[in-house]
1. Would you confirm, using the coordinates I've provided, whether SER186 is under 23 Å from PHE218 (Cβ atoms), more than 9 Å from the ligand (Cβ to nearest atom) and surrounded by fewer than 18 Cβ atoms within 10 Å (Cβ to Cβ)?
2. Among the residues in the stretch 319-341, are any modelled with pLDDT of 95 or more and within 29 Å of the chain's Cα centre (by Cα)?
3. For the stretch 158-181, which residues satisfy the criterion of being polar (S, T, N, Q) and near the ligand (Cβ under 9 Å from one of its atoms)?
4. Step by step: first the residues of the stretch 127-147, then only those that are assigned to a helix (DSSP H, G or I) and more than 8 Å from the ligand (Cβ to nearest atom), then the one that is farthest from VAL69 (Cα to Cα). Which residue is that?
5. Please indicate, with yes or no, whether at least one residue in the stretch 235-247 is under 21 Å from LEU196 (Cα atoms), touching a helix residue (DSSP H, G or I) at 6+ places or on another chain (Cβ under 6 Å) and not in a helix (DSSP H, G or I).
6. Considering LEU105, LEU117, which residue is touching a Lys or Arg at 6+ places or on another chain (Cβ under 9 Å) and more than 14 Å from the ligand (Cβ to nearest atom)?
7. Checking the conditions here, which among PHE182, PHE160 is closer than 22 Å to VAL83 by Cβ and within 35 Å of the chain's Cα centre (by Cα)?
Amino acid sequence: MKKDLSPKDMRDAEAASQAVDPDAVGPEAVGPEAVGDIPATVRTEAHAMPVNAHAPSLHDLYNVHSGKVSDKWSSYLDAYDRVFVDYRKKPVRLLEIGVQNGGSLEIWPRYFPNSELILGCDIDTACSGLVFDDQKIALVIGDANTDEVERKIVAKSATFDIIIDDGSHTSSDIVRSFARYFPHLSDGGVFIAEDLHCSYWQEFEGGLYDPLSSMSFFKRLLDVVNHEHWGLPRFRADALATFSDRYKTVFGEASLASIHSVEFLNSLCIVTKRPSPENVLGTRNVQGRIALAEREMISLAGTTSKAFDQAANPWSLVSTTMEEEIGTNRALVTSRAARIEELTREVAVIREQLRSGRAQIARMEADLVERAEEISAAHATASVLQTEIARAQAVTTELQARIEQSERVVQEFKDSTSWRITSPLRALSAIVTRLLRRIAAVFR
Ligand SMILES: C[S@@+](CC[C@H](N)C(=O)[O-])C[C@H]1O[C@@H](n2cnc3c(N)ncnc32)[C@H](O)[C@@H]1O
């Protein structure tokens, strides 16, 4: 990541570099009289030399540096002066992931004059061209997050007192580097991740509320430090499970138990390591003999903290981590939102069907009313017809009775003697009638 120097930094650096070039000349030229309080001990070759009270600050060293380029934000230099104060005289072993032009590797031995090893690692093969006069500066070329490179680094030193991650600044690399190299930090050592502002950018696998950004990871380490208060039968590594899954890495319980502190500054996270017994809350230190407000306090002296059981606490780590929950909920919300949209479209279609169905029902109801009226009229007609039929039937019955009676009378008459006697007369009369018709036809 390119860092721009402020105009003040540039002016200071220029003025300082004009005053002295510690690389160009021997120790005699780098006396306190030459550059403020920079002592003669500040030389790349210096080894096991005392660091006096006037030891140069990292700012001083950067300001006078004129060798290989290094790129560090000024606030880091102030923070390092405070954080590294106890290491200045020590035979420090320092690992820096991300070397680039190699300037910081040149400066560290001047800052830690008694240092034993300043090891840089860079994935950029161009860095293999970097040459250092100082024998304690070494380089490993390759991806720091591979087993092969880790082996090469550990072959130089099994442990380091200071590890600085100034590599790719992507969340995956930062989390993996911490998992891989924190176990190689010595007790009392410091692990520093630089340029964490990148964790707020998607371009570096982050975002302000990205639950799996490098910043979220380091924040989560605060929970790891407070593991004893969780009130849950869970491992420290459980709090990092989602990071392990996402970044395909493993966190050892012993290593996590050795995290003593996690400190945040602008863009920096500083994690210190100590033996696990030094990382607990400890015993209650209750002193004094007069306890007017709360007598109980006296009996608590020497006791340790006991966490409340949080197994039923929905906000505690029960079966899932917050990151998992956020991820699952977000996926759920997205899929539910898609389903709601789908259902809204379906509802609109159903509403339209309902509207046309209602119109159809209204038409059918009107039709039904019309039909009912017709049926009722038909019923009335049928009733009239039925009455008429009944009347006609009665008339028919009566007529039939009369016919039958007439037939009986006729039959009785035919059967009578007078009818039989007058039969020739009726035949004669028929003949006469036919004759008369013919005669009439002749005269017509
Ligand atoms: C910001 S620069 C380092 C600056 C340097 N520390 C300094 O103070 O001047 C980042 C460097 O990290 C290197 N880098 C990126 N990913 C890496 C990885 N996975 N392993 C090792 N180095 C890596 C890049 O090649 C680049 O040179």
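1. yes
2. Taking every residue of the stretch 319-341 in turn, none turns out to be modelled with pLDDT of 95 or more and within 29 Å of the chain's Cα centre (by Cα).
3. Passing the criteria: SER168, THR170, SER177.
4. Checking each candidate, the answer is ASP147.
5. no
6. LEU117
7. PHE182
The values are calculated or read from the model by the stated rules, or taken from the named source; none is laboratory data. The model shown is predicted, which means the values in this text are computed figures rather than measured ones. Please note: Cβ atoms are built from the backbone with ideal geometry, for glycine as well, and neighbour counts cover all protein chains shown.
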